[in-house]
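Peer 1: Starting off with a structure, shown below.
The values are calculated or read from the model by the stated rules, or taken from the named source; none is laboratory data. Everything quoted here is computed from the prediction, not taken from an experiment. All Cβ positions, even for glycine, are placed from backbone atoms using ideal geometry, and neighbour counts span all protein chains on display. Keep in mind that these areas ignore ligands, DNA and RNA; they rest on the heavy atoms of the full protein, side chains included. Shrake-Rupley method; radii C 1.70, N 1.55, O 1.52, S 1.80 Å.
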Amino acid sequence: AGTGGNECDLTFVFNATPSVGVGIWTQIAGPGTTTYSNATSATATATASQYGTYTYRWTEQNGTCSSQDEVTVNYYEQPVANAGTGGSECDLNFVFSALPSTGTGVWTQTTGPGTSTYNNSSSAVATVTVSQYGTYTYTWTETNGTCSDNATVTVNYYQQPVAEAGNGGSECDLTFSLSATPSTGTGVWTATGPGTASYGSNTSAATTATVSQVGVYTFTWTETNGVCTSSDNAVVTFYNQTLAEAGTGGDACDLDFVLSAVPTFGTGTWSQTSGPGFASFTPNANSAGATATVSQYGTYTFTWTEGDGVCVTTDNVTVNYYEQPLANAGQGGNSCTGQYTFSAIPSSGVGTWTQLTGPGTTTYSDANSATATATASIQGTYTYQWEEVEGTCSDNATVTVNYYNQPVADAGNGGNECDLTFAFNATPSA
């Protein structure tokens, strides 16, 4: 009957060696039925109706003499391996997705930089874990008896990036130094905000971002490794840089002074830095041209602070508040001695006597004394000014003094008359 064998389908070609007489093939055992291309041919093709193990007998008949021999044929269904799809992973694990056909299957690693372990290498949907990242090829081999088939899949294992954008913050201009911490793969910066952003290098973790206008921007650092991505945000608020200009200080002849700051960006505020009293601001301390009213005279320093967010600058002015003098020169009068004592009533500041008009000159016992004594060089009518000065504030008043020569009467001599008449002989002096 020749040799039996194994088939990966439902057909088998016999290989009996005929001797003499007529031979015929018959099925002795098997799960199904068999048809033959020619049952009397030693090399007939047998076709089974279903897979399994069959026993065939080759019987040769010559007259009344016969002989028989048997062979066993195993019909196996041919596996058709389908390893499913490979893919990419953002870790060291991958779940296979083979579609089993028949027989038993097993996963093996064909290529790759590391080694692979399986939770069950015989499972079509086994989970494989590799020792290091990289590209791996796996073979799914299905075996049914002596029949086998295989298919491969490729899996890329990528390390999962963990993006860290660093800290955001606040800026007093339009530039900010970004400081991401790179993990793996490649990174890129993008931004959202009221304007546009440019970078020294948008693929550098540490780079300078420059925006087109102030406002709040969100900078996103996105890292990509293969198909694996991660992103993180840093929020930066860009403010206008203020440049405080407090204007000019000055002098006031009362307790009020109009300040004159030049506002730029943000909110400005006046405050008192120094001074002997307390200051209030009208209409409010945020008005660049506020009126500063103090509680007492003296020298004050006022600070104009401008802030836009965290960006603050200051500038100072000095104001001298002087009490306004109210000059009172007192009474003028007449002098018969060439000297006159003034009677001014001092108010504030320093007072000084000066001669405005008169036929001669005047000297003073103390020109800064309200009650100075004035001495005229010749008689006549003189006008004097009493001026009081407090800082840059002043006031004056005048008095008039008439200087007269003091007469010295000399009536001459009396005498005796022998009648009722007498001629006086007085000597006039002035």
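Peer 1: So what J values fall out for the range 350-356 if you push phi through Karplus, 6.51 cos²θ - 1.76 cosθ + 1.60 with θ = phi - 60°, rounded to Hz, Gly and Pro as x?
Peer 2: 10, x, 9, 8, 9, 8, 8
Peer 1: Another question, then. Not counting ligands, DNA or RNA, and with a 1.4 Å probe, what is Ser204's accessible surface area in Å² rounded to the nearest 10?
Peer 2: Accessible area of Ser204: about 40 Å².
Peer 1: Tell me the relative contact order for the chain as a rounded percent, counting alpha carbon contacts under 8 Å between residues six or more apart.
Peer 2: Answer for the chain is 8 percent.
Peer 1: Give the relative contact order (percent, whole number) for the range 368-430; include only Cα pairs under 8 Å separated by 6+ residues. All intermediate terms of the calculation are to be shown ahead of the outcome.
Peer 2: Values: 68 pairs, mean separation 16.6, N = 63.
Once normalised by length, the contact order is 26 percent.
Peer 1: Now for a separate question. For the range 274-360, what is Rg from Cα atoms divided by 2.2 N^0.38 Å, rounded to two decimals?
Peer 2: Working: Rg = 22.9 Å, N = 87, 2.2 N^0.38 = 12.0 Å.
Here the answer is 1.91, to two decimals.
Peer 1: Mind giving me the nanometre distance, one decimal, between the label points for Thr299 and Gln50, set 7 Å out from Cα along Cα→Cβ?
Peer 2: Taking the two extended label points, one gets 11.8 nm.
Peer 1: Rounded to the nearest 20 Debye, what is the dipole magnitude of the range 141-254 about its Cα centre when Lys and Arg each give +1 and Asp and Glu each give -1 at the C-beta? Mind dumping the intermediate values first?
Peer 2: Working: 0 positive and 10 negative charges, 75 e Å.
Roughly 360 debye, rounded to the nearest 20.
Peer 1: What base-10 log of the normalised intensity I(q)/I(0) is obtained for the range 300-430 from the Debye formula, alpha carbons as equal point scatterers, at q = 0.10, 0.16, 0.17 Å⁻¹?
Peer 2: Log10 I(q)/I(0), no solvent term: -0.55, -0.83, -0.88.
Peer 1: Over the range 26-156, with every protein chain in place, what whole percent of the accessible area is carbon and sulfur at 1.4 Å, could you tell me? Numbers along the way, then the final one.
Peer 2: On the way: 3000 of 6360 Å².
That share works out to 47 percent.
Peer 1: Residue-wise, which Karplus ³J(HN,Hα) couplings in Hz belong to the range 266-281, taking 6.51 cos²θ - 1.76 cosθ + 1.60, θ = phi - 60°, and x for glycine or proline?
Peer 2: x, 10, x, 9, 8, 9, 8, 9, 8, x, x, x, 10, 10, 10, 10
Peer 1: Return the sequence-ordered ³J(HN,Hα) values of the range 365-371 in whole Hz as given by the Karplus equation 6.51 cos²θ - 1.76 cosθ + 1.60 applied to θ = phi - 60°, using x for Gly and Pro.
Peer 2: 5, 6, 4, 9, 8, 4, 10
Peer 1: At 1.4 Å probe radius, can you tell me the per residue accessible area of the chain in Å²?
Peer 2: With all protein chains present, the chain gives 51 Å² per residue.
Peer 1: I've got another one for you. Report the Cα centroid-to-centroid distance between the range 345-423 and the range 33-96 in angstrom, as an integer.
Peer 2: A separation of 156 Å, based on Cα centres.
Peer 1: Considering the convex hull of the alpha carbon atoms of the chain, report its projected area averaged over all viewing directions, in nm², one decimal.
Peer 2: 41.9 nm²
Peer 1: Right, next: Quick one: which residues, 5+ away or cross-chain, put their amide H under 5 Å from the amide H of Gly87? H built at 1.01 Å from N.
Peer 2: Residues meeting the amide H criterion: Thr154, Val155, Asn156.
Peer 1: Towards the positive end of the charge dipole of the chain, with charges on Cβ (+1 Lys, Arg; -1 Asp, Glu), say which of Ala209, Tyr158, Thr305 has the farthest Cα.
Peer 2: Of the options given, the answer is Tyr158.
Peer 1: Taking the chain as a Gaussian network, Cα atoms linked when under 10 Å apart, which of Val401, Val235, Val319 shows the biggest mean-square fluctuation?
Peer 2: Among Val401, Val235, Val319, the largest mean-square fluctuation in the Gaussian network model of the chain belongs to Val401.
Peer 1: Determine the relative contact order of the range 27-167: mean sequence separation of Cα pairs under 8 Å and six or more apart, normalised by residue count, in whole percent. Can you show the working numbers first?
Peer 2: Values: 334 pairs, mean separation 29.8, N = 141.
Here the relative contact order equals 21 percent.
Peer 1: Something else about it: Under the rule of at least 5 residues apart or a separate chain, name every residue whose amide H is placed under 5 Å from the amide H of Cys311.
Peer 2: Answer set, sorted by chain and number: none.
Peer 1: Around Gly249, which amide H atoms from residues at least 5 apart in sequence, or from another chain, sit under 5 Å from its own amide H, with H modelled in the peptide plane?
Peer 2: Excluding prolines and chain starts, which carry no amide H, the hits are Thr318.
Peer 1: Taking Cα centroids, how far is the range 256-334 from the range 184-198 in Å?
Peer 2: Measuring centre to centre over Cα atoms gives 48 Å.
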